[in-house]
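Read the structure below first, then the notes.
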Amino acid sequence: MPNPRKLLFPFSILYDGVTRLRNGLYNNGFLESSSFEVPVICVGNLNVGGTGKSPMVEYLLRLLQKDYKLATLSRGYKRQSKGYHLVQKEDSALQVGDEPLQFKTNFPDVMVAVDANRRAGIKNLMASSPDVVILDDAFQHRKVKASHYILLTSFGKLYTNDLLLPAGNLRESAAGAERADLIVVTKCPSDISETQMKEIERQLKPLKHQKVFFSTIKYSENVFSETKRFPLEKLRSEEFTLVTGIANPQPLVDYLQSGNLKFEHWEFPDHHIFSDAEIASFKKLNTILTTQKDYMRLKEKITSDKLFYLPIEISILRDQKEEFDKKIRDFANKK
């Protein structure tokens with residue numbers, strides 16, 4: 001079936017012109033980019049949502065937290081607060097955003113902040129003297145010149161095969177990938193072949209200074225609530241409902257179905273703010289399984305005896321992990 005969005009291609013040409021002009025002004029110094037005295041590692045993408053930025057940020061935090069004083073800065077998408085805010089575990093997702101609250105929950109010793117103005121946000125963080133700042137979803141935020149850029153693209157949805165908004169899902173043209181130091185293909189099947197990896201690398205056409213890595217999603221063997229933990233396989237004997245408000249829930253659906261779990265899936269848009277009517281419907285269900293990001297938005301409204309989340313992590317594939325980790329540590333050691 002033809003994609004009706006392709007009818008919007010003339011507007012994509014206009015959008016491309018605007019973004020290329022903006023990038024050109026930054027690249028040539030007509031617009032100012034601020035750099036900082038500490039390493040700033042930016043995690044981002046060219047596509048709109050769904051590439052696994054949050055799991056990658058958590059991978060970096062997990063790797064570096066023992067040796068560095070870390071800070072992470074996000075916009076805090078759909079939060080009700082304004083300006084700079086240093087996230088506390090007691091904050092609500094409505095106040096600070098679901099992903100920053102998840103970071104603070106999983107890494108309580110890391111400084112987690114939100115600010116739509118990343119330049120101002122980093123300046124505020126500098127008062128606490130972090131060793132490394134990790135920027136979440138800031139690849140297009142050119143007011144900050146990060147020390148290093150990690151660009152994510154999803155397996156099967158490579159940025160080289162997409163169109164610009166509004167005909168496609170690209171925030172800027174594939175030429176923007178030139179700013180990346182590392183390119184990570186996310187959500188790969190764990191059994192991806194060497195031939196597939198070489199073909200993807202051929203399509204991405206990395207520059208000489210760039211390295212392409214491949215990663216997959218690793219799901220926890222257990223599900224969690226505020227007070228409980230039990231093996232995921234226990235849900236084989238229970239009726240439950242999967243509730244998701246993320247950009248691309250299909251990998252999670254496929255994973256659960258591969259484990260012979262039977263469930264109904266209630267799907268909502270990414271970062272969806274659940275209405276009172278939706279919450280009332282959830283309360284009538286026996287058991288709800290969701291993502292940790294969605295759990296941050298639901299936990300204050302649904303009792304912990306029926307609401308559970310399944311954690312995920314990124315896993316670097318094959319023999320690339322050691323090299324990838326070394327590059328990240330090298331990033332952390334220099335501007």
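The values are calculated or read from the model by the stated rules, or taken from the named source; none is laboratory data. Quantities reported herein were computed from a predicted structural model and do not represent experimental measurements. Please note: Cβ atoms are built from the backbone with ideal geometry, for glycine as well, and neighbour counts cover all protein chains shown.
Tally the residues that are surrounded by 15 or more Cβ atoms within 10 Å (Cβ to Cβ), over 17 Å from the mean Cα position of the chain (by Cα) and in a loop (DSSP other than H, G, I, E, B), restricting the search to the stretch 281-321.
Residues meeting the conditions: 7.
With the checklist (1) in contact with a strand residue (DSSP E or B) (Cβ under 8 Å, 6 or more places away or on another chain); (2) farther than 26 Å from Asn333 by Cα in hand, flag the one item Glu90 doesn't pass.
The one condition Glu90 does not meet is (1).
If I filter the stretch 14-33 for residues that are under 20 Å from Lys145 (Cα atoms) and of a type in the set (Asp, Glu), do I get at least one hit?
Yes, the stretch 14-33 contains a residue that is under 20 Å from Lys145 (Cα atoms) and of a type in the set (Asp, Glu).
Checking the structure you have, find out if any residue of the stretch 151-160 is more than 16 Å from the chain's Cα centre (by Cα) and either within 27 Å of Thr105 (Cβ to Cβ) or at pLDDT 95 or above (or both).
yes
Given the options Ser147, Ser173, Ser190, name the one that is farther than 24 Å from Glu267 by Cα, small (Gly, Ala, Ser), surrounded by fewer than 16 Cβ atoms within 10 Å (Cβ to Cβ) and assigned by TED's automatic domain parsing to the domain that holds Asn28.
Answer to the check: Ser190.
State yes or no: is Arg318 within 20 Å of Tyr68 (Cβ to Cβ) and of a type outside the set (S, T, N, Q)?
For Arg318, the condition - within 20 Å of Tyr68 (Cβ to Cβ) and of a type outside the set (S, T, N, Q) - is not met.
State the number of residues belonging to the stretch 233-265 that are assigned to a strand (DSSP E or B) and either among the aromatic types (Phe, Trp, Tyr) or on the phi > 0 side of the Ramachandran plot (or both).
Of the residues in the stretch 233-265, the ones assigned to a strand (DSSP E or B) are 240-244, 263-265.
With either among the aromatic types (Phe, Trp, Tyr) or on the phi > 0 side of the Ramachandran plot (or both) added as a condition, the list becomes 240, 263.
Residues in the stretch 233-265 being assigned to a strand (DSSP E or B) and either among the aromatic types (Phe, Trp, Tyr) or on the phi > 0 side of the Ramachandran plot (or both): 2 in total.
If you go through the stretch 224-236 one residue at a time, do you hit one that is over 20 Å from Asp294 (Cα atoms), crowded, with 16+ Cβ neighbours inside 10 Å, touching a Gly at 6+ places or on another chain (Cβ under 8 Å) and at pLDDT 95 or above?
So far as the stretch 224-236 goes, no, none of its residues is over 20 Å from Asp294 (Cα atoms), crowded, with 16+ Cβ neighbours inside 10 Å, touching a Gly at 6+ places or on another chain (Cβ under 8 Å) and at pLDDT 95 or above.
Quick one: which residue in Arg297, Arg318 is farther than 17 Å from Gly52 by Cβ, at pLDDT below 95 and basic (Lys, Arg)?
On the way: Arg297 fails: at pLDDT below 95.
The unique qualifying residue is Arg318.
For the stretch 198-210, indicate whether the set of residues that are of a type in the set (Lys, Arg) and either at pLDDT below 95 or surrounded by 15 or more Cβ atoms within 10 Å (Cβ to Cβ) (or both) is non-empty.
Taking every residue of the stretch 198-210 in turn, none turns out to be of a type in the set (Lys, Arg) and either at pLDDT below 95 or surrounded by 15 or more Cβ atoms within 10 Å (Cβ to Cβ) (or both).
It is to be established whether one or more residues within the stretch 272-280 are among the acidic types (Asp, Glu), surrounded by 12 or more Cβ atoms within 10 Å (Cβ to Cβ) and more than 24 Å from Pro189 (Cβ to Cβ).
Scanning the stretch 272-280 turns up at least one residue that is among the acidic types (Asp, Glu), surrounded by 12 or more Cβ atoms within 10 Å (Cβ to Cβ) and more than 24 Å from Pro189 (Cβ to Cβ).
Show the residue pairs that are 6+ apart or on different chains and have beta-carbon atoms under 6 Å apart, the first residue being within the stretch 6-27 and on the phi < 0 side of the Ramachandran plot and modelled with pLDDT under 95, the second being among the acidic types (Asp, Glu) and assigned to a helix (DSSP H, G or I).
Taking only residues 6 or more apart or on different chains, not a single pair turns up.
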